[in-house]
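Encoded as structure tokens, the structure appears first; notes follow it.
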Amino acid sequence: MRDALPPHWEIDDPGYLMYCPAAMVGNAELPSGYRITLEAEHGGQVVRVLHASGELAAAGRVSMHAGCAVFDQIVTEEGHRRLGLGTVAMLTLDAVASRAGVTERLLVATEAGRTLYERLGWHVLAPWSTAVLLAH
């Protein structure tokens with residue numbers, strides 16, 4: 001892919017286009033000291049998991065169209081990892097998608113996120129590459 005790009009373009013870390021054909025499997029409880037907010041934003045739904053201090057611990061968004069839900073910008077902040085917050089965020093967004101009647105779910109995963117998504121019932125469809133134009 002690098003050879004096909006003009007100068008000043010850079011390839012991001014590789015990722016995975018993933019698909020989930022039905023409601024996600026799994027469960028997670030919100031740990032003590034955290035709370036969830038869910039808001040409509042720019043045509044989608046955004047979940048935020050906040051620590052009691054007010055610090056953002058995890059977040060994500062889902063947008064839906066024509067029976068398909070696209071999950072994006074799923075993140076758990078460094079100091080809050082390994083607590084199940086990513087799972088809580090994903091399952092919260094999936095409940096929104098299920099209530100909307102979606103039949104397909106898509107996302108692009110990083111290597112770090114792939115394991116979480118596979119545990120929730122997602123499957124890799126294809127490798128994914130992103131090229132970005134660097135400012136010069």
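No lab work stands behind these numbers, since they all come straight from the coordinates. Since we're looking at a predicted model, the values are computed, not measured. So basically every Cβ, Gly included, is an ideal-geometry build from the backbone, and we count neighbours across all protein chains shown.
GNM remark for the chain: springs join alpha carbons under 10 Å apart, and the peak mean-square fluctuation among HIS42, HIS65, HIS123 falls on HIS42.
The longest stretch of the chain left intact once loop-based trypsin sites (Lys or Arg not before Pro) with at most 15 other Cβ atoms within 10 Å are removed from consideration, loops following DSSP, is 1-80. Compared with the dominant Cα axis of the chain, that is its longest principal axis, helix 85-99 is turned about 90°. Its DSSP H runs of at least 4 residues, each contributing -39,500 (n - 2.57), put the calculated 222 nm mean residue ellipticity of the chain at -5500 deg cm²/dmol, to the nearest 500.
Charge tally around GLY26: other residues with Cβ under 14 Å, Lys/Arg +1 each, Asp/Glu -1 each, net -1.
Taking Cα centre as origin and charging only the Cβ of basic (Lys, Arg, +1) and acidic (Asp, Glu, -1) residues, the dipole magnitude of the chain rounds to 360 debye.
Along its three principal directions, the equivalent ellipsoid of the chain from the Cα gyration tensor extends over semi-axes of 27, 19, 15 Å, largest first. Applying both filters, DSSP loop and at most 13 other Cβ atoms within 10 Å, to the GluC sites (Glu not before Pro) of the stretch 6-68 gives GLU29, GLU55. Relative contact order, whole percent, for the chain stands at 39, derived from Cα pairs under 8 Å and 6 or more residues apart.
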